[in-house]
Amino acid sequence: MIDFGGLLTEVGFTQFIVGLGPWGPIAIILAQVIASILAPIPNGIITIIAGRLYGTLWGGLYATIGAVIGAAVTFLISRLFGRKLVERFVAKKDLDELEAQFGNNFWKIIVLARMMPNLSFDVVSYGAGITKMKLSDFLLATLVGMIPAALLYAFIGENTTFLKISDFLLILSVLVVVMIAWGYYKKTRESKKK
């Protein structure tokens, strides 16, 4: 019998995945899909566990596959039901105007949002689904933004028990670069508004 309550802890989930043997990667992918659809489940923890169990490359790959599939499902749910629901409360004209203001920046916004560790993965996907952004553009932007983040989380997972100072400095450097890029993006966007 599976202890579903235990699956909600890092140790319990890790033990469950290990117990699945060769089916573990499929479980990681499915867990990422579910986490991408349901807000309270954090994708980052699953990616860290994937890195711990399968290494940076394979763990990051499994987590990315699941997250992109989950993003597609979430985007499509929002596309099918979300815009119609939002248009009940917000005029279609206002939504069209908002999209026009963002213009071709939706792609950049999705890429950057996927790199932000504190931004909800599913909120971004649901939000993108109510726009006129093409699914293919959304998935490509999600993939481009997800790969560095997934590899970083998987690397952290693989090295959490024996993280060296040089590795920590590398991680910190990557995070600083991402934060600087985000700040530059925001500053550029604000200056264009003026």
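Taking all protein chains together and rolling a 1.4 Å probe, E10 ends up with roughly 80 Å² accessible. Taking 23 Å as the limit for the C-alpha separation, the pairs K93/K193; K84/K187; K93/K186; K108/K187; K134/K187; K93/K187 exceed it in the case of K84/K187; K93/K186; K134/K187; K93/K187.
The values are calculated or read from the model by the stated rules, or taken from the named source; none is laboratory data. This is a predicted model, so every value here is computed, not measured. Note: accessible area is taken over every heavy atom of the protein model, side chains too, but ligands, DNA and RNA are not part of it. Shrake-Rupley method; radii C 1.70, N 1.55, O 1.52, S 1.80 Å.
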